[in-house]
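Undergrad: Okay, handing you the structure first.
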Amino acid sequence: MAIIRSRASRFSINMANDVLSKIDRTRGAWYETEEEIAAGVKWGREKARLLRWVRSQMTMRLTLRERRCVELYYFEGLTFREAAHRTETNATSVYRAVQRSLRKLRQAAAESEISNHPPRKRRVLSSGARKKIFP
């Protein structure tokens with residue numbers, strides 16, 4: 001007589017019903033206290049508010065090309081080279097558009113006092129660093 005075993009049965013574990021009730025749930029890897037959950041929800045709401053602000057400022061202050069480059073790079077997660085392929089330009093142009101857009105958005109944040117962070121210092125890339133970023 002042949003024993004037929006399904007694939008699903010290889011991954012099942014038989015145990016008594018009361019075993020799971022004895023496990024301390026607060027020691028699990030994904031356990032969160034009520035305070036942690038509330039802090040996460042609060043941060044999610046704040047993040048959504050900031051994202052709405054950024055989107056509105058992008059519409060008001062950036063050109064269509066700058067807005068497209070920022071969306072491709074930050075919101076879709078493309079590299080400068082991939083964004084350049086989509087916009088039919090080169091990677092350097094996308095990089096410059098993104099940097100120009102960030103300057104405009106930082107200026108808007110400073111004017112509206114939305115940012116509590118000190119202004120960042122502008123970093124100038126050397127020609128050697130540019131070659132590494134944009135081969």
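Undergrad: Report yes if residue 36 is modelled with pLDDT under 95, assigned to a helix (DSSP H, G or I) and acidic (Asp, Glu), otherwise no. Explain how you work it out, then say what you get.
TA: Values: modelled with pLDDT under 95: yes; assigned to a helix (DSSP H, G or I): yes; acidic (Asp, Glu): yes.
Judged against the criteria, residue 36 is a match.
Undergrad: With respect to the numbered conditions (1) loosely packed, with under 12 Cβ neighbours inside 10 Å; (2) under 25 Å from residue 109 (Cβ atoms), which one is the sole condition not fulfilled by residue 69?
TA: The one condition residue 69 does not meet is (1).
Undergrad: Any chance you could count how many residues in the stretch 43-96 are among the hydrophobic types (A, V, I, L, M, F, W, C), part of a helix (DSSP H, G or I) and over 17 Å from residue 112 (Cα atoms)?
TA: If we filter the stretch 43-96 for residues that are among the hydrophobic types (A, V, I, L, M, F, W, C), which is where we start, we get 43, 48, 50-51, 53-54, 58, 60, 62, 64, 69-70, 72, 75, 78, 80, 83-84, 91, 94.
Going one step further and asking which of them are part of a helix (DSSP H, G or I), we end up with 43, 48, 50-51, 53-54, 58, 60, 64, 69-70, 72, 75, 80, 83-84, 91, 94.
With the extra rule that they be over 17 Å from residue 112 (Cα atoms), the set shrinks to 43, 48, 64, 69-70, 72, 75, 80, 83-84, 91, 94.
Total meeting the criteria: 12.
Undergrad: May I pose another question? Condition test on residue 111, is it surrounded by fewer than 13 Cβ atoms within 10 Å (Cβ to Cβ) and either assigned to a helix (DSSP H, G or I) or modelled with pLDDT under 90 (or both)? Explain how you work it out, then say what you get.
TA: Details: surrounded by fewer than 13 Cβ atoms within 10 Å (Cβ to Cβ): yes; either assigned to a helix (DSSP H, G or I) or modelled with pLDDT under 90 (or both): yes.
The answer is yes for residue 111.
Undergrad: Report every pair of residues separated by at least 6 positions or lying on different chains whose Cβ atoms are under 7 Å apart, first residue within the stretch 85-98 and in contact (Cβ under 8 Å) with a residue 12 or more places away in the chain, second acidic (Asp, Glu) and in a helix (DSSP H, G or I).
TA: Going by the 7 Å Cβ cut-off, the qualifying pairs are 97/66.
Undergrad: Within the stretch 44-62, which residues are of a type in the set (Phe, Trp, Tyr) and modelled with pLDDT of 95 or more?
TA: In the first step, residues of the stretch 44-62 are kept if they are of a type in the set (Phe, Trp, Tyr); the result is 53.
Within the stretch 44-62, none qualify.
Undergrad: Tell me the residue from 12, 93, 101 that is at pLDDT below 85 and out of contact with any strand residue (DSSP E or B) (no Cβ under 9 Å at 6 or more places or on another chain), please. It would help to see each step written out before you state the result.
TA: On the way: 93 fails: at pLDDT below 85; 101 fails: at pLDDT below 85.
After ruling out the rest, the residue left standing is 12.
Undergrad: Condition check: within 22 Å of the chain's Cα centre (by Cα), surrounded by 14 or more Cβ atoms within 10 Å (Cβ to Cβ) and modelled with pLDDT under 95. Does residue 30 satisfy that? Break it down into steps so the answer makes sense when it comes.
TA: Details: within 22 Å of the chain's Cα centre (by Cα): yes; surrounded by 14 or more Cβ atoms within 10 Å (Cβ to Cβ): no; modelled with pLDDT under 95: yes.
Judged against the criteria, residue 30 is not a match.
The values are calculated or read from the model by the stated rules, or taken from the named source; none is laboratory data. Here the structure is a predicted model, which means the values were calculated and not measured. Quick reminder, even Gly has a Cβ in these numbers, built from the backbone with ideal geometry, and neighbours come from all protein chains shown.
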